[in-house]
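Chemist: Shown below is the structure under consideration.
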Amino acid sequence: MTAEEARRTIVLDGLPSASFPACVGYLDDALRECQLVLVAAGQGHRTDPELDRVARALVPHIEEIGDAFRAASSTVNPDGSLRLEGSLTLDQAAMVTDLQVQLVHLRILGRRGDLLLDSDPEIAQLLTWIWEEIADQLAGRAPRPYASAR
């Protein structure tokens, strides 16, 4: 299979116009906080081993998914929601799954008071949908628009 054959179009449709940018902001904040944890560890400061492990896993994954989001085309639907269309390779499914798991660990560490990063349940819900939608589309399922649980 060639690289182009292993690439799938990913469509995230019906994204809330206010919440999706907040999700991107949350990922940016998580990336910065994880980078600071790694800098501190690299300078010899004592860091929580679990936080260090999560930070090491998240930094490359957030950077990779951020590149995919930036490369995607974005349009505004008539109802004001957003539609992103981009592509990922089939082998990025494992990264998306690990990213989702590590972000859950990061939220747990945040609730424990180990981070400045704050987790909003609405943002967590939308991110969960995004990761699951990406994984499902990489597995061959047709895109489905976002439907809030509210």
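Chemist: Which residue fluctuates most in the GNM of the chain (Cα springs below 10 Å): Pro16, Pro60, Pro78?
Modeler: Of the options given, Pro78 has the highest mean-square fluctuation.
Chemist: Accessible area per residue for the range 37-115 in Å², computed with a 1.4 Å probe and the full protein assembly in place, what is it?
Modeler: Using a 1.4 Å probe on heavy atoms only, each residue of the range 37-115 averages 55 Å².
Chemist: Let me ask you something else. Sort largest first and round to whole Å: the equivalent ellipsoid semi-axes of the chain, each the square root of five times a Cα gyration tensor eigenvalue. Present the calculation step by step, with values, prior to reporting the outcome.
Modeler: Values: eigenvalues 158, 71, 31 Å².
So the three semi-axes of the chain are 28, 19, 12 Å.
Chemist: Under 20 Å from the 7 Å Cα→Cβ point of Leu36, by amide nitrogen: which residues of the range 53-71?
Modeler: Residues passing the 20 Å test: 53-63.
Chemist: Determine the share of the range 26-95's accessible area contributed by carbon and sulfur atoms, expressed in whole percent, with a 1.4 angstrom probe.
Modeler: Its accessible area is 53 percent carbon and sulfur atoms.
Chemist: Using θ = phi - 60° and the Karplus relation 6.51 cos²θ - 1.76 cosθ + 1.60, list the HN-Hα couplings for the range 41-55 in order, rounded to whole Hz, with x at every Gly or Pro.
Modeler: With the stated coefficients, the range 41-55 comes to 4, x, 8, x, 6, 6, 10, 4, x, 5, 5, 4, 5, 5, 4 Hz.
Chemist: May I ask you to list the residues of the range 121-150 whose amide nitrogen lies under 19 Å from a point 7 Å from Cα along the Cα→beta-carbon direction of Ala94?
Modeler: Under cut-off, by backbone N: 132, 134-140.
Chemist: Still on this model: Would you kindly give the portion of the calculated P(r) for the range 1-59 that falls above 20 Å, as a percent of all Cα pairs?
Modeler: Numbers: 891 of 1711 pairs.
More than 20 Å apart: 52 percent of the Cα pairs in the range 1-59.
Chemist: In whole Hz and in residue order, list the ³J(HN,Hα) couplings for the range 87-93 that follow from phi through the Karplus curve 6.51 cos²θ - 1.76 cosθ + 1.60, θ = phi - 60°; x for Gly and Pro.
Modeler: 8, 9, 8, 4, 6, 7, 4
Chemist: Next question, about the same structure. If you count, for each residue, the other Cβ atoms within 10 Å and average over each peptide, how do 37-45, 123-131 line up from highest to lowest? Could you put the intermediate results ahead of the total?
Modeler: On the way: 37-45: 12.9, 123-131: 18.7.
Going from most to least packed, we get 123-131, 37-45.
Chemist: Can you give me the solvent accessible area of Asp67 with a 1.4 Å probe, rounded to the nearest 10 Å²?
Modeler: Taking all protein chains as shown, Asp67 has close to 90 Å².
Chemist: A further question on this structure: Counting only residues 5 or more places away or on other chains, whose amide H sits under 5 Å from the amide H of Tyr146 once H atoms are built in the peptide plane?
Modeler: For Tyr146, whose amide H was placed from the backbone, the distant partners under 5 Å are Asp13, Gly14, Leu15.
The values are calculated or read from the model by the stated rules, or taken from the named source; none is laboratory data. Computed from a predicted structure; not experimentally measured. Every residue, glycine as well, gets a Cβ built from its backbone with ideal geometry; the counts of neighbours run over all protein chains shown. With ligands, DNA and RNA removed, areas are computed over all heavy atoms of the protein, side chains included. Shrake-Rupley method; radii C 1.70, N 1.55, O 1.52, S 1.80 Å.
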